[in-house]
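I have placed the structure first, in the form of structure tokens, so that the comments after it can refer back to it.
The values are calculated or read from the model by the stated rules, or taken from the named source; none is laboratory data. All values reported here derive from a predicted model rather than from experimental measurement. Quick note on the areas: whole protein, heavy atoms, side chains included, nothing else; ligands and nucleic acids left out. Shrake-Rupley method; radii C 1.70, N 1.55, O 1.52, S 1.80 Å.
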Amino acid sequence: MLRYLPFLLVLALWIYAFIDCLNTPEKEVRNLPKVAWVLIVLLFGQVLLGPVAWFIAGRPRRTAGYAGGGAGGRGGGWVAPDDNPEFLKSLKDEQPPKDEREKKKDDDEA
């Protein structure tokens with residue numbers, strides 16, 4: 001069973017590089033057109049040259065602030081809904097006034 005591990009690792013890297021290459025927008029691909037990178041990854045995937053070349057020379061570089069965001073949404077990252085003041089404000093705008101909610105509750109109980 002252990003003798004199949006190198007083959008499975010190569011296969012996993014090959015599949016990951018291929019899917020990553022397909023999902024990368026055309027404008028972000030470096031050094032070659034996207035179609036060329038797809039062919040390189042497919043043709044040279046068994047010997048790891050294609051996937052390694054994609055990760056080193058073709059994949060777009062991620063900046064340090066890309067995945068982060070910091071507290072309060074600084075940096076343009078993802079913010080949890082309960083920490084997002086705009087989202088909380090939109091919830092307050094959608095709720096009917098308190099006396100209408102009580103009236104509806106009384107109607108539902110009857």
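Heavy-atom accessible surface of LEU11, to the nearest 10 Å², is about 60 Å², with a 1.4 Å probe and all protein chains retained. ILE15 sits with roughly 80 Å² accessible to a 1.4 Å probe, with DNA, RNA and ligands left out of the calculation.
Based on the Kirkwood approach, the hydrodynamic radius assigned to the stretch 5-49 is 10.9 Å, with every pair of different Cα atoms included.
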